[in-house]
Amino acid sequence: MSALANPTGEGIMLGDTLSLSEVTVTAIKQSSDLRTQASALTVIDRQEAERNQAVSVKTAADLVPNLFIPDYGSRMTSTVYVRGIGTRIDQPAVGLTIDNVPVITKENYDFDLMDVARFEMMRGPQNTLYGRNTLGGLMNIYTLSPLNYQGTRALVEGASHGTWRLGASHYRLLRKDLGLSLSAQYSSTQGEFINEHNGKRCDWERQFGARMKLEWRSQNGWYISNVASVSTSRQGGYPYEWVETGRIAYNDTCFYRRTSVMDGLTLRKDFTSFTLSSITSYQYLDDNMTLDQDFTEHDYFTLTQARREHAVTQDVIARSHEKAEGYNWLAGASGFFRRYKMDAPVTFYDYGIEQFIEKHFNDAIPEYPITWDSRSFVLGSHFTSPSYGAALYHESTYHWGEWTLSAGVRLDYEHARLNFHSETHTGYSMFKAATGELFVHGDIDIDDHGTLNKDFFEILPNVSLTWHPWPGKNHTVYLAASRGSKAGGFNTQMFSDVLQQRLMKMMGIGMEYDVDKMVGYKPEKAWNYELGGHFECWGARVQSDLGVFFMDCRDRQLTVFPPGTTTGRMMTNAGKTHSWGGEFAMTVNPTESTHLNVSYGFTHATFKDYDDGKVDHSGKRVPYAPKHTLFAEASHALKIGTYGRLTFAANVRATGDIYWDEANTQHQPFYALLGASITWQQQHYSLQLWGRNLTDTQYKTFYFVSIQHPFLQRGHGRSLGATLRVSL
């Protein structure tokens, strides 16, 4: 048993590892041994996470085959792509749970955590057991338990670009069956990219987080856990470079601010033949994204998106005790309610009025040119969106000899409502070109209210057959099929474009949108077929995973530009796509001191049926989905007498190629980033010197087009740092 699982609370050895069963014993819906399941998965333990500075899902993603979470924009833009599935805006394609509690909105995905005991990534649809927005898979994070470890931990880290991270945590037993942990951390960075318009760094950040975990495990089968957390993030973000000039240069404010509060309560009771569990959460989000949306030095327009959201989730699960032979079952019911209020005004300024309205009108009707009354005006959008959902699910598993057959189904209902209020109050003067006389003055007063409703019902089955060959050996071969779904919803960012088009229609130009058609979009659905296996040999010193998959996706959600003269983008359902590929991972520990690890993913994702009304994109690659992902690492530890242990590690992370548009005209070629570290550790402390992207490789993490201008964000360059960890 590792020191992390030592109930006596003796000092934690930084080199100890956390075994599989010691963490997953608290998992509610999963088997105690993940490697016997019919699922592609990657597990990152605490030691591997610390070696590679993986403190969040975004930084851990590099270690997982076919998982890509590009680092661009701000912490709001937590876009996840896996196996060719994913979109830039709105609902996530991959779910996230922390200590079994689901995170309901992707704006809360990107944050740093202290004392992560384990990351898990299950690829392929997980909707049958986990519900909405797990079409591409599920990420689980488990944090250190005060029942398994007692002591005090501290962290100090400094790195390039004025980056600092400080953290402290304390774990103790209040009595032998009741444990409490408290942790807090703060990080800041001056930023790497400079806005040449004002000479200031635009990607600065300050982040704070605190967590409290209370756990009770009684002798009569009760387990109760409550985890409360609060976090804040303040950052500049959005270092977007205009391709035509090769410069980051914009003249207005860009920032993202977020305050998040989460509380999750888990109750579990063991009965004679089954376990009954309840997972309840409350989640609060208050964030504000403000952008110079044209990202140039001209006064086009700015966007603010300020939101406050409250959400409650509830899951009740009954599960039979695991038996190696015979019938096992799991049944559950879940529900959620979320409600947010959002203000999303778009403010047009002098150059934007000139280019988007006056020039457009005057080119169309030169005999009667117009001049806007004021050199700025606001397209106001205000929203209230309550939504709720409920589901029933069941999974049956039967073991006989070397074979396991599993089948499950979920009945899922969701209702989404959007109350909107759009307004603008402005005016213009029209002249006779021949004489310069005032022809007419027009007042524009738009004040629209309305409500949109959508109901979704999904049946989400799965079935798998697992073979455990060679009794006594830890080998698993599986064949699985599952249906997944990604929630539908509303394009709130489209309302400013709807309002803009209505304004221009009142002036006799432009087009008027059907609000319901332009704003709403349907769920994305896919069938996933998979053949794979988990294998061990050499006394579990070698563990390998191999799999191939095919995904047939319908009503694919894509971020596109709407028709007409607009400034924004929208989510639409665009035909169907096919994704096929494979994944391979192997971990080798030839000695206690040597660790080798490699993981590789290949995805070929193409459109099978997508015509945007202008071009047929069938056969083209799906944008933002990398074809290759690779992570390889080697580490070796030397024991230096009584002075502790010295560990040398090197790694490479590679991704590409990535297409940025549906027409496949722009792409990022395959690139590789080299990293390394040296760690000196003793019983109570360790000092790690590390480097990322040591060759200072140039690459792009994001590319997009706004108002017909192409922009990109470059990836982070070379970074060097030192991390001191103390454990008492």
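Coordinate-derived values only; no laboratory data. Quick caveat, the model's predicted, so the values are computed rather than measured. Note: ideal-geometry Cβ built from the backbone for every residue, glycine included; neighbour counts use all protein chains shown.
Worth a mention:
- Burial ordering of HIS617, HIS161, HIS321, HIS415, fewest other beta-carbon atoms within 10 Å first: HIS321, HIS415, HIS161, HIS617
- Projected label points at VAL560 and ALA228, each 7 Å from Cα along the beta carbon direction, are separated by 4.8 nanometres.
- Sites LYS176 and LEU728, calculated FRET efficiency, Cβ-Cβ separation with R0 22 Å, nearest 0.05: 0.55
- Mean-position separation - Cα centroids, the range 223-252 and the range 642-701, in angstrom: 21
- When exposed loop sites are taken as chymotrypsin sites (Phe, Trp or Tyr not before Pro) in a DSSP loop with at most 11 other Cβ atoms within 10 Å, the longest stretch of the chain clear of them is 1-270.
- For the chain, with +1 on Lys and Arg beta carbons and -1 on Asp and Glu, the positive-most of ALA390, LEU499, SER374 along the dipole: ALA390
- Computed from Cα atoms, the angle from the helix 495-506 axis to the main principal axis of the chain rounds to 10 degrees.
- Local electrostatic count, PHE702, Cβ distance below 11 Å [Lys/Arg +1, Asp/Glu -1]: +1
- Separation in nanometres of the label points that stand 7 Å from Cα toward Cβ, at HIS684 and GLU437: 9.4
- Charges were assigned to the Cβ only: +1 to each Lys and Arg, -1 to each Asp and Glu. The resulting dipole of the range 309-462 about its Cα centre is roughly 540 debye.
- At full extension, SER396 and TYR282 could sit 38.0 nm farther apart than now, given 0.36 nm per residue minus the alpha carbon distance.
- Scanning the chain for GluC sites (Glu not before Pro) that sit in a DSSP loop and have at most 13 other Cβ atoms within 10 Å, the longest stretch containing none of them is 11-243.
- Ranking of LEU379, LEU689 by neighbouring Cβ atoms within 10 Å, starting from the fewest: LEU689, LEU379.
- Residue-span extension gain [TRP403 to THR245] - 0.36 nm each, minus C-alpha spacing: 50.7 nm
- Principal axis box of the chain, alpha-carbon based, largest edge first, Å: 94, 53, 49
- Using θ = phi - 60° in the Karplus curve 6.51 cos²θ - 1.76 cosθ + 1.60, the 3J(HN,Hα) couplings for the range 432-437 round to 7, 4, 5, 10, x, 6 Hz; x is entered for Gly and Pro.
- The chain: relative contact order in percent, alpha carbon pairs under 8 Å with at least 6 residues between: 11
- Extension gain for the segment ALA333 to TRP467, taken as residue separation times 0.36 nm less the Cα-Cα distance, is 45.3 nm to one decimal.
- For VAL316 and ASP447, the FRET efficiency from 1/(1 + (r/R0)^6), where r spans their Cβ atoms and R0 equals 35 Å, is about 0.20.
- Under 30 Å from LYS576, Cα to Cα: lysines that are on another chain or at least 8 residues apart: LYS58, LYS106, LYS454, LYS486, LYS517, LYS522, LYS525, LYS608, LYS614, LYS620, LYS627, LYS700
- About the centre of its Cα atoms, the range 3-727 shows a dipole size close to 2160 debye [charges on the beta carbon of Lys, Arg (+1) and Asp, Glu (-1) only; nearest 20 debye].
- Which of LEU558, LEU503, LEU438, LEU411 has the fewest Cβ neighbours within 10 Å, and the rest in rising order: LEU438, LEU411, LEU503, LEU558
- Cα gyration tensor shape for the range 89-229, rounded if a/c is under 1.5, else prolate or oblate: oblate
- Calculated FRET efficiency for the pair ASP611/TRP216, C-beta based, R₀ 45 Å, to 0.05: 0.15
- Pairwise centroid distance, computed over Cα atoms, of the range 397-441 with the range 35-90, Å: 27
- Here's the picture: charge each Lys and Arg Cβ at +1 and each Asp and Glu Cβ at -1 in the chain, and of THR723, LEU155, LEU173 the one pushed furthest to the positive end of that dipole is LEU173.
- In nm, spacing of pseudo-spin labels at TRP527 and GLN708 (7 Å Cα→C-beta vector): 4.5
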